[in-house]
Amino acid sequence: MRFEWFIAVKYLTKGRKNSFISIISMVSILGIAIGVAALIIALALINGFQNDIRNRILSSSAHIMITDRLGEGIGDFQSLTARVEREFPEVKTVMPVVYGTVLIKGNVRDVSGAVFRGMDLEHKNKEKWLTKLEFGRLPVGEQELLMGREMAMKMNLFTGDSCLVISPRAALSPLGMIPRFKKFRISGIFKSGLFEFDSGTVITNLAAGQRLFSLKDRINYLQINLEDIFSAEAIAGRMRGILPGQFSVITWQELNQSLYSALKLEKTVLFFTLTLIIIVASLNIVAGLILLVMQKIKDIGILLSYGTQAGQIKKIFFFQGAVIGLIGTIMGVMLGLGFCYLANRYELIKVPAEIYQVSYVPFRLGIFDLLAVILVSLLISFGATLIPARKAAQVSVVDAVKFE
């Protein structure tokens, strides 16, 4: 064991005269541990909430959308689909979608607004939640539809029940213009995990949607899913340069820009705010080491008289502060990760699903976030030792022993 390390450990662990300084050291360790744990928990909460919301939103929407700029719908979408699949190998699936807002009337007086989607439900790579329905099966023909679980519960509808779908697109009749309406049978009930989607969406076959909204052989947009969702901006940029100008290409980041910008800003603010806890705790390290230097002036003088270099004295007190910072950081990491594990396993923090889109707060900590917390904590702790260590190195032998 190196000489400086041996003396540093001895000062930290032995001697009745150090009892007050030891208390300060323990407070410093505890403060750093609490700061690190709080920072880990906060970052894990933001990451978990953001990732969960993103995954739930993207499970029911497109990574990239191709729409018609004029709003007339996309004709000959089969050739456009083939071109996208051919020229962009990063694309996982391309699905035509028809959608519009409708009113749903149940068996009684219950009426609810909903988004009506017509999709290619026979596509081999459709969303996972469409392959694992809560009840029933996928629609067959143009007289059946799927309904979200929350909406079905609200309207007291079950598989096999019928409902009336009323479209705002008017149809000409002898009595004048009247809304289009069509009777559908509920073949199945789905649950995507996104409360807003499950409480206001019905899904049917593409042909049924085209007929309801009088689109003939057109669609509203192409829904594109990618292997890597974070490559959406780059791929969308290439699409804009290749596809004709009549098409608009929109990514999932653009559709949810305000939400993700707010979450990113909140994460940054939390990081810097909670870092202040670690900085405050590191001030205890400064105070404790300065008191220790004052108490050990005689020992420092003896060491210097035996030929110990000023740099070695500096290292002795630097190692003491480093040990405090290291122990506090390790304890904080263990506390933070332990809390995140228990919170996820037992779903400790419940939230209203209708407000936050999730039933409990998930905690997900990225490896880079964990490394950033550890690095910041150690840098602050090590930096706090420099002032008292430099003070100890400046002690002269004469000043140390002249009053002895």
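The values are calculated or read from the model by the stated rules, or taken from the named source; none is laboratory data. Keep in mind that this is a model prediction, so the values were computed, not measured. A quick note on method: Cβ atoms are made from the backbone with ideal geometry, for glycine too, and the neighbour counts reach across all protein chains shown.
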Of the listed residues (PHE213, PHE184, PHE190), the one being among the aromatic types (Phe, Trp, Tyr), within 28 Å of the chain's Cα centre (by Cα) and surrounded by 14 or more Cβ atoms within 10 Å (Cβ to Cβ) is PHE190
Which pairs do you get when a residue that is under 22 Å from ASP161 (Cα atoms), found in the stretch 94-120, comes within reach of a residue that is of a type in the set (Asp, Glu), reach meaning Cβ atoms under 7 angstrom, with the pair 6+ apart or on two chains?
-> ASN107/ASP161
Qualifying residues in the stretch 170-214 (those that are in contact with a Lys or Arg (Cβ under 8 Å, 6 or more places away or on another chain) and part of a loop (DSSP other than H, G, I, E, B)) - the one modelled with the lowest pLDDT | GLY193
Kindly indicate which of VAL102, VAL115 is surrounded by fewer than 16 Cβ atoms within 10 Å (Cβ to Cβ), in contact with a helix residue (DSSP H, G or I) (Cβ under 9 Å, 6 or more places away or on another chain), part of a strand (DSSP E or B) and not small (Gly, Ala, Ser).
-> VAL115
Is it fair to say PRO96 is within 20 Å of ILE66 (Cβ to Cβ) and not in a loop (DSSP other than H, G, I, E, B)?
-> yes
Filter result for the condition that a residue is modelled with pLDDT under 90 and either buried (at least 17 other Cβ atoms within 10 Å of the Cβ) or outside the structural domain of THR201 (by TED's automatic domain parsing) (or both), over GLU134, GLU142 | GLU142
Quick one: LYS128 ticks every box in (1) charged (D, E, K, R); (2) under 34 Å from the mean Cα position of the chain (by Cα); (3) surrounded by 14 or more Cβ atoms within 10 Å (Cβ to Cβ) bar one, so which box is it?
-> (3)
Wholly enclosed helices (runs of 4 or more DSSP H) of the stretch 237-356 bearing at least 2 residues hydroxyl-bearing (Ser, Thr, Tyr), surrounded by fewer than 19 Cβ atoms within 10 Å (Cβ to Cβ) and modelled with pLDDT of 85 or more | 310-346
